[in-house]
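Student: Structure provided below as structure tokens; questions to follow.
Derivation of every value follows stated rules applied to the coordinates shown; laboratory data play no part. These numbers come from a predicted model, not from an experiment. Please note: Cβ atoms are built from the backbone with ideal geometry, for glycine as well, and neighbour counts cover all protein chains shown.
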Amino acid sequence: MKNKTLLIVAAVVLLVVIYVFGTYNSFINGREAINGQWAQVESQYQRRLDLIPNLVNSVKGAMKQEQAIFDAIANARTKYGSAATVDEKAVAAGQVETALSRLLVVMENYPTLKSSDTVQTLMAQLEGTENRVSVERQRFNDFVKTFNAKVQRFPSNIIANVFGFATRAYFEAQAGAENAPQVQF
């Protein structure tokens, strides 16, 4: 009887140890999935930052009067390049998006510019780039959602607390992003 009890206790302890290791490893996998997905978001931001200036320069001659928008894009690009944290990068990315939105509105209001091949290329590339960024940010938020749920659910929350895993911040839109940009001539 004593051996049977000892065997049952050992089996329970073994199951708990296996669960702890498995849960710990799943937290590591979740954390790395989030980090990897953030790298994808940054990759799309970098694509945006590399592509847009080249395209904008090809259109600049036709839109000299909108120099302020181009300056805003350049400043936001510089801020993103010097941002050190995810939050700083998210704010800078929001500034790039705001400037690009203003640029798109201006281009839509200039029919002669819209018909230009370079402007059409710019608009198509901007749209494609913004779609890519949006998809990658959504994927990032999906990974964060899954990870955060696991960090907060019982009994994995106990293991998360023991090993220092905490919820991660979602990528959120900047304040005012829900408002359409105002362009005045």
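Student: If R₀ is 45 angstrom, what is the calculated FRET efficiency for the pair residue 4 and residue 32, using the beta carbon separation as r and rounding to 0.05?
Tutor: According to the calculation, E is roughly 0.60.
Student: What spacing in nm lies between the two simple spin-label points modelled at residue 172 and residue 20, each 7 Å away from Cα in the Cβ direction?
Tutor: 3.6 nm
Student: Follow-up question, since we're still on this one. Please sort 77-84, 144-151 by packing, taking for each peptide the average over its residues of neighbouring beta carbons within 10 angstrom, highest first.
Tutor: 144-151, 77-84
Student: Here is a further query. Calculate, in nm to one decimal, what residue 138 and residue 39 gain on full extension: separation in residues at 0.36 nm each, minus their alpha carbon distance.
Tutor: Taking residue 138 through residue 39 to full extension adds about 34.3 nm, to one decimal.
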